[in-house]
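Shown next, in structure tokens, is the structure this report addresses.
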Amino acid sequence: MRKPTGKLMLVIFMLAFCCQLSLAAASPEITDARATPGYWVSRHPEGERVLLDEAGVRQANAVIRQHNKTLVDLAALPEMITGNEVARRIEAVQALGDFDTGSVPALYKHGAGLTAYSYGFARKNCNLESLSQEIPLRYGIVTERANLRLLPEAAGWFESVDDTHYDTLQATALDPAEPVAILADSYDGKFFFVASRYYDGWLAKTSLGLTDRNTWLGYVQPSDFAVVTANKKQIPVADGHSLLFQMGAKIPAKEAGSGQLQLRLPGAEAGKFREELVTLPIDDTLHHGFLPCTENNFIRQGFRFLGDVYGWGGLDDSVDCSAFVADVYRSMGLELPRDADQQAKSMPDVTDLSGMSEEERLAALSRCRPGTLLANNTHVMMYLGEDKDGTPMVLQSMSSWFSFGSDYGKHYLRKVITSTATFLNASGNPYIDGVHYLGSL
């Protein structure tokens, strides 16, 4: 072979350099046929087999509750609660955001540094001094998609002056028709401190309708209900507006004949709960009861979110990594904890990957079925299976990724994507090497 000339060597070098730049800047997102549900459904010939029947779902939920104390059996809450217990809950929520000390955090509010006055008032607004020794439980139904907050403060607190997406006060978002137990009022009278099915926090009073215990129990444990199976669904109600529901939302309902359901939708008048009856057809966005728990339903439901924006704590009317997997699971009746670090290790079947080599981790993953969760302390993903080349693939709501070439750095993607399970993590290692647990049914 003829020895390359100097000019040819320069061309080869430049091509290699450009290739390196291209690879360095490549997002983990997969956009070929593997980013379609059909590809994965076709690879699972037994994918329609029911994994858990109704009794199996109840048993799995019981196991998950045993493993994780953040899931609340609302119906079992006492009708009277001590002030000490409410104070403990409020302080625990403060601690989630490191807002349990007098030190003003280095955060930004309305584009300016958070002041000592703003921080002090938000803590004072928790109103701990007003708690009596015994507090009667009050009952509310969420009447619109609402933000559950770590402090009774509507304005966002951000880590950088120009950020609008990662509000450190945001706990999660609640769907309309969610029942909550009301434990306390804020000092300014604008918020309730509530217990929801999986999180405590502060909810704007304008997002709730107050009701009696019996009506409330009809939403905690409805005898008949519809489940939203789309990634999100707008349902029109009176006065020309609509209610936004996310996948897995449970709405009390009954059959109305001709393939339709009569939904009991929540509303409020002067703060008091009222219902509006709306009849809608059963279709691929609304199911009578939970979907069957099957491998293919994990796949199909997960792909309904593909391309949606990453929504920290449910902001931007969307899902973060843990809300994504939780919504897929709850569409089949399975209740997961809200936070990523709790989800996989609360499952009935848990594989602890500590001390395993990368080869051992991949071997353990290869034995899992679609829907298995891969989680560490900050992120969770849902397993799809291995592609035709044996590469393990996942669905995930990804906030950001890292490149390690000449453009080393963090890149925000903020999107639900398909990717391999071996894309590079922040340390430059295959992501599977940093997964702590595999969790499955």
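The values are calculated or read from the model by the stated rules, or taken from the named source; none is laboratory data. These numbers come from a predicted model, not from an experiment. Positions of Cβ are generated from backbone atoms using ideal geometry, with glycine treated the same way; all protein chains shown enter the neighbour counts. Side chains are part of the model used for accessible areas, which takes the heavy atoms of the whole protein and leaves out ligands, DNA and RNA. Shrake-Rupley method; radii C 1.70, N 1.55, O 1.52, S 1.80 Å.
Are there trypsin sites (Lys or Arg not before Pro) in the stretch 70-140 that DSSP puts in a loop and that have at most 14 other Cβ atoms within 10 Å, and which ones?
none
Dividing the convex hull volume of the alpha carbon atoms of the stretch 237-316 by its residue count, what do you get in Å³ per residue?
Expressed per residue, the convex hull around the Cα atoms of the stretch 237-316 is 146 Å³.
Would you mind counting up the charge near residue 425? Only other residues with Cβ under 14 Å from its Cβ, with Lys and Arg at +1 and Asp and Glu at -1.
Summing Lys and Arg as +1 and Asp and Glu as -1 gives 0.
Restricting attention to the stretch 340-403, which trypsin sites (Lys or Arg not before Pro) occupy a DSSP loop and are surrounded by at most 14 other Cβ atoms within 10 Å?
Values: sites: 345, 361, 367, 388; in loops: 367, 388.
Qualifying residues, ordered by number: 367, 388.
Give me the percent of accessible area attributable to carbon and sulfur for the stretch 317-441, probe 1.4 angstrom.
42
What does the charge count near residue 155 come to, summing +1 for each Lys or Arg and -1 for each Asp or Glu among other residues with Cβ under 14 Å from its Cβ? List each step's numbers first, then the result.
On the way: positive: 109, 149, 190; negative: 153, 163, 167, 188.
So the surrounding residues net to -1.
Could you size up the charge dipole of the chain around its Cα centre, putting +1 on the beta carbon of Lys and Arg and -1 on that of Asp and Glu, and report it in debye to the nearest 20?
Details: 40 positive and 53 negative charges, 132 e Å.
For the chain, the charge dipole is close to 640 debye.
If we sort 49-58, 308-317 on the protection proxy, mean other Cβ atoms within 10 Å, highest first, what's the order? All intermediate terms of the calculation are to be shown ahead of the outcome.
On the way: 49-58: 14.2, 308-317: 19.8.
Going by the mean number of other Cβ atoms within 10 Å, highest first, we get 308-317, 49-58.
I need the peptides 144-153, 236-245, 375-384 ranked by packing, meaning the mean over residues of other C-beta atoms within 10 angstrom, with the highest value on top.
Going from most to least packed, we get 144-153, 375-384, 236-245.
Could you give the angle, 0 to 90 degrees to the nearest 10, between helix 321-330's Cα long axis and the longest principal axis of the Cα atoms of the chain?
Taking the Cα atoms of the chain, the angle to 321-330 is about 60 degrees.
Would you mind giving the average projected area, over all directions, of the Cα convex hull of the chain in nm² with one decimal? Before the final figure, lay out each step's value.
Details: hull surface 108.0 nm².
Seen from a random direction, the Cα hull of the chain projects 27.0 nm² on average.
To the nearest 500 deg cm²/dmol, what mean residue ellipticity at 222 nm is calculated for the chain from DSSP H runs of n ≥ 4 alone, each contributing -39,500 (n - 2.57), summed and divided by the residues? Numbers along the way, then the final one.
Working: 10 runs with 101 residues, N = 441.
Helices in the chain give a 222 nm mean residue ellipticity of -6500 deg cm²/dmol.
Using the alpha carbons of the stretch 157-258, what is the convex hull volume per residue in cubic angstrom, as a whole number? List each step's numbers first, then the result.
Working: hull volume 16.8 nm³, N = 102.
Enclosed volume per residue, from the Cα hull, is 165 Å³.
What net charge do the residues around residue 276 carry, taking every other residue with its C-beta under 12 Å from that of residue 276, with Lys and Arg at +1 and Asp and Glu at -1?
So the environment of residue 276 carries a net charge of -1.
Return the aspartates and glutamates within reach of residue 205: Cα separation strictly under 16 angstrom, same-chain partners fewer than 8 residues apart disregarded; answer none if there are no such residues.
144, 153, 175, 178, 185, 188, 269
Which loop-located GluC sites (Glu not before Pro) does the stretch 311-404 contain, where loop means any DSSP state but H, G, I, E or B and the Cβ has at most 11 other Cβ atoms within 10 Å?
Counting only loop positions with at most 11 other Cβ atoms within 10 Å, none of the GluC sites (Glu not before Pro) in the stretch 311-404 qualifies.
Evaluated at 10 °C with a viscosity of 1.306 mPa s, what Stokes-Einstein diffusion coefficient in µm²/s does the stretch 190-330 have when Rh comes from the Kirkwood expression over alpha-carbon pairs?
Translational D for this selection: 97 µm²/s.
Pop out the Kirkwood hydrodynamic radius of the stretch 36-190 from its pairwise C-alpha distances, inverse of mean 1/r, in Å to one decimal.
One decimal place: 18.9 Å for the Kirkwood radius.
Give the accessible surface of the stretch 296-381 per residue, rounded to a whole number of Å², with probe radius 1.4 Å and ligands, DNA and RNA excluded.
Numbers: 2760 Å² over 86 residues.
Dividing the accessible area of the stretch 296-381 by its residue count gives 32 Å².
Hey, any idea what Rg/Rh is for the stretch 342-436, computing Rh the Kirkwood way over Cα pairs? Could the numbers behind the result be given before it?
Numbers: Rg = 13.2 Å, Rh = 13.9 Å.
Here Rg/Rh amounts to 0.95.
What ranking do 390-399, 271-280 get when scored by the average of other Cβ atoms within 10 Å per residue, highest first? All intermediate terms of the calculation are to be shown ahead of the outcome.
On the way: 390-399: 21.3, 271-280: 14.6.
Peptide ranking by packing, descending: 390-399, 271-280.
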